Structure formats: structure tokens, C-alpha cells
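Asks: Structure incoming, see below.
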Amino acid sequence: MRDLIILGLFTALIYKTFKDPVWGVLGWVWMGVMNPHRLAYGFAHAAPWSMVIALALFASMLLNHKKLERFPTNGVTLLLALWIVWIGVSPLITSFYPGKEFMYWSRAFKVLLMVLAALLVIQKRRDLDWLVLVLVISIGYYGIKGGVFTVLTGGSARVWGPEGSFIEDNNSLALATIMTVPLIRYLQLQATKRWQRHLASAAMLLCMASAVGSQSRGAFLAIIAMSFFLWLKSRNKLPLALVVLVALPLIFVFMPDSWSERMSTIKTYDQDSSAMGRINAWHTAFRMAVDLFPLGGGFTVAGPAAFQRYAPDPSIVLTAHSIYFQALGEHGFMGLFIFVGIFALTWRRASAVINRSKSVPELQWARDLVAMCQVGLIGYATGGAFLSLVYFDLPYYLVLIVVVVDRIVAREMAERVKAAKAAGTMPRDVHSPYWGGT
């Protein structure tokens, strides 16, 4: 039955995609982030859904090429394009296992390529709201289900994600749900009905409960950082502060002793074999990047060959378990610079959008959305310090959202300036809504 439901939904998606490529982007995001086919057990489980929707999207883009946006040229998009090129350099030149590189490279390449394609397709606030909703449903499904599971089991078992996805691991799913909470908050801020706001509050609390239930130490730190910035970046700070100050401690108190014992190892990391294995992997990545400067060792550096050559303890072979050391080890110092630069420039662009539109009430939604994207990136930057999720879709979709919002706001402000000039009412105050500040 599940297979037939997925087939029906997918068929409708393909039909809609050929009429409007936006549906192709939404379908790709749904398939790539949620992996709904992994919830089926028949023919749908292993079918190449993502490949089919991608082909339909590109065909639709060709058919509707006159409706596409021009590719935005700015620091963020240029670094994204450079990142696509750079991740293919180390695997070709310095890989320890050249025959195994293509599978990992192709997965990362497809994620980044579709982000660039979406920049041509996503144009309006409606498109962005649909994209946010799809992301919330895709990850919120596992977060809400995991939160209920955590409550019912008293936090005695860990929460896992869909098989074969970026978020299959309990730690990765926890980070994904944390990053989704700000997007739910955005939808809550735009909600017009009380039941919608209450539903969003329940979803946020259950997602945080799910993240806590993963027993991930990185997620624990990410929740703290995300909660603070969520409060800092939100409107209506008092109600949100009351919810966080009351509900979050209750979630922590509710967890079993095993959770408290695991979190306490953050202070005694030098006595924890898992933590020391990660530090060993970080040293390996740094030494490799220095030796192979400015390149890295490619996607397959987490193998005996690299560790025999660079690791302080070659007997402990682990993945980097850090987005920063993963980027450094796989793609060198240049790769790390590009990777961090993408998100740093995205943050700056989001801040510029907030400042430019702060005097325009009609653009409150834009300020809310980019602010919540910043909160999501804080969660990624914090929790990602302990996870190998350089190519995870969600943070790049946050980048996409910020770039598109920036384009919409810039267009709106330009129209205001044009209208003011035509009416002869151009204000002298550079902080006016027409100028948008500096």
C-alpha cells in the first residue's frame, strides 16, 4: 500500500513538474531529505526516484526557460560554484583509493548542482514558503515521531533516521531536527490561526525531545546554541523564552541516568574512547592537509592507508566526525576556506537583508525567514563540529533560501526607489524604506 501511495504522489509530482519546474525542486527536496521511499517495503524502496525527478526538472527547465530567473552573481553563489569544482580536484590528484571516489563525489555533486538549479527556479515568496514547508514535513516527520517515541519510552532508546540517507545515524538525525526547529518557528510567525501556532509549538518541542533522545553530545550542545539564537533572532521574545525556559529543562530532567552519564563525558572527553578516536582523526586530517597543501586526500581518507601515514595512532581509523576537519582532510585548506566561506557570506547576506528591509512592514516575512536561516546555520555550525555532514542537503537549502530572499528584497527595494523617483518623493534619509539603509 505504501508503495502505491508513493507511486501516486510521485506521478502527480512529475505531471506538475512539467507545468512548473518549482514542483521538480520540491520533489527533489522531498525525496532527498525525507527519503519517503525508505518507508516502503516493496518496489518503491529501491526505485531511482531522485534520478527521475531530476531529469523531469531539467526537462521542464528547458521547456520553460523563458520563465527562469537569471543566475544571481554574488559571493555566496560564486563560492558554491567554486565548491562544486574544488571537490572534484583532490579525488583526481591525491586520492588514496581512486576507484572508490566516484560514488561519494557524485552524491555530493548532485546535492550542490540541484541547489544551483533551484536558484534559477525559485522566484517568489510562495515558492519559498512551499520549500520551507517541504523541509519541515520531511524532517519534522522523523523529529515529531522521534519526540513521541522518546516521551513514551522515557528516553531509554535512541532515535534513528531513514535507511541510506544523510540522517540515518542517530546523531545526524538529531542535528537535522535541531536545524528544522527555526523553520517551524518561521511558519509559526507567519501563522494567522491560533491552532496553527499551537501546532507549531508542539512540533518544535517534540523535535527537541527527539534530538535529546538521540543521546548525541553534539546535539546537546547544538540545542543550547540554537535555543539562544532562536530567542535572540525571534520576534515576540517573551512567550518563546517562557517556553524554552520551562519546557527544555523538563525534557532534560525527563531523560534517564544513561543520558546524563553520556552528557557528562563532555567534561571528561580525555577518558572517553570515542572522543579520543575523533581527536585522532582530527590530527590525521590536519597533518594530511599540511602535507598535501592546498589539496586534501579526497572523499575516501577515512581508510587505513591515510591513517597509517598521518595518524598519531594508526590503529584507530574513524571518519572525521566534524564538518570542519572533514572538509580539511578531504579537500585541504582551500576546501575548508571555501566551505566555511559559503556559510559565513550567507550569514552576512542574511544580516544585510534584515538591515535593508527593517523599515518596510511588508517585508517582515523576509526578515523572519533569513533570521531563522541564521539560527539553523548556528545549529549546523555547532552540532556539525562533531559530525561528518559536509554534504548534507539541509544547510545548502538554507543558503538557497537566503540568496533567493535577498533577490526578492533587492527587487522590492528597487521598485520602491523607482516609484519614489516617479512621484518626486525620494527621501533624503538613507535609512528610509526606499533606500533600505546601508
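Just so you know, all these numbers are worked out from the coordinates, no wet-lab data involved. What you are looking at is a predicted structure, and each value in this text was computed from that prediction instead of being measured. Here the Cβ positions follow ideal geometry from the backbone for every residue, glycine too, while neighbour counts run over all protein chains shown.
Asks: Identify all lysines with a Cα-Cα distance to Lys67 below 18 Å; exclude those on the same chain that are fewer than 8 residues away in sequence.
Replies: Reachable lysines: Lys16, Lys19, Lys124.
Asks: What order, most packed first, do the peptides 346-352, 50-56 have when packing is the mean number of other Cβ atoms within 10 Å of each residue?
Replies: 346-352, 50-56
Asks: A further question on this structure: Report the paramagnetic label zone for Leu68: residues of the range 115-129 whose backbone N is under 18 Å from a point 7 Å from Cα along the Cα-to-Cβ axis.
Replies: 115-124
Asks: Sticking with this structure for a sec: Let me spell out the model: positive unit charges on the Cβ of Lys and Arg, negative unit charges on the Cβ of Asp and Glu, origin at the Cα centre of the chain. What dipole size does that give, in debye rounded to 20?
Replies: 1560 debye
Asks: For the range 99-115, take each phi angle, set θ = phi - 60°, evaluate the Karplus expression 6.51 cos²θ - 1.76 cosθ + 1.60, and give the result in whole Hz per residue in order, putting x for glycine and proline.
Replies: So the J values, rounded to whole Hz, are x, 9, 6, 4, 4, 6, 5, 5, 5, 5, 4, 5, 4, 5, 4, 5, 5.
Asks: Residue separation times 0.36 nm, minus the C-alpha to C-alpha distance between Ile224 and Ile93: what's the value?
Replies: Net length gain for the segment: 43.1 nm.
Asks: Taking the Cα centre of the range 1-68 as the origin, how large is its charge dipole in debye, to the nearest 20, when only Lys and Arg (+1) and Asp and Glu (-1) carry charge on their Cβ atoms?
Replies: Computed charge dipole of the range 1-68: roughly 160 debye.
Asks: Moving on to the next point. Going by a ≥ b ≥ c, the root eigenvalues of the Cα gyration tensor, does the chain fall in the rounded group (a/c under 1.5), the prolate group (a/b larger than b/c) or the oblate group?
Replies: Since a/c stays below 1.5, the shape of the chain is classed as rounded.
Asks: Could you compute the FRET efficiency for Arg194 and Arg411, with r as their C-beta to C-beta distance and R0 at 30 Å, rounded to 0.05?
Replies: Efficiency computed from Cβ-Cβ geometry: 0.35.
Asks: Ok, one more. So between Lys19 and Tyr141, what do we pick up on full extension, going 0.36 nm a residue minus the alpha carbon distance?
Replies: Additional length available on full extension: 41.1 nm.
Asks: Another one. If a paramagnetic tag sat 7 Å from the Cα of Tyr41 along the Cα-Cβ line, which residues of the range 1-25 would have the backbone N under 20 Å from that point?
Replies: Under 20 Å, as judged by backbone N against the label point of Tyr41, lie 1-8 of the range 1-25.
Asks: Which one of Gln123, Asn171, Val29 is farthest out on the positive end of the charge dipole of the chain, using unit charges on Cβ (Lys, Arg +1; Asp, Glu -1) and the Cα centre as origin?
Replies: Highest projection toward the positive end goes to Gln123.
Asks: Please name whichever of Thr382, Ala108, Val402 sits farthest to the positive end of the charge dipole of the chain, dipole taken about the Cα centre and charges placed at Cβ: Lys and Arg +1, Asp and Glu -1.
Replies: Val402
Asks: In debye to the nearest 20, how big a dipole does the range 301-423 give about its Cα centre with +1 on each Lys and Arg Cβ and -1 on each Asp and Glu Cβ?
Replies: Value, rounded to 20: 620 debye.
Asks: How many nm is it between the label spots at Phe58 and Asn236, if each spot is 7 Å from the Cα in line with the beta carbon?
Replies: A separation of 4.4 nm, rounded to one decimal place.
Asks: Say the dipole of the chain comes from +1 at the beta carbon of Lys and Arg and -1 at that of Asp and Glu; which of Gly332, Leu4, Ser322 then lies farthest toward its positive end?
Replies: After comparing all options, I get Leu4.
Asks: Taking 0.36 nm per residue of sequence separation and subtracting the Cα-Cα distance, how much length would be gained by fully extending the chain between Leu78 and Glu362, in nm to one decimal?
Replies: Extending this stretch completely gives an extra 99.3 nm.
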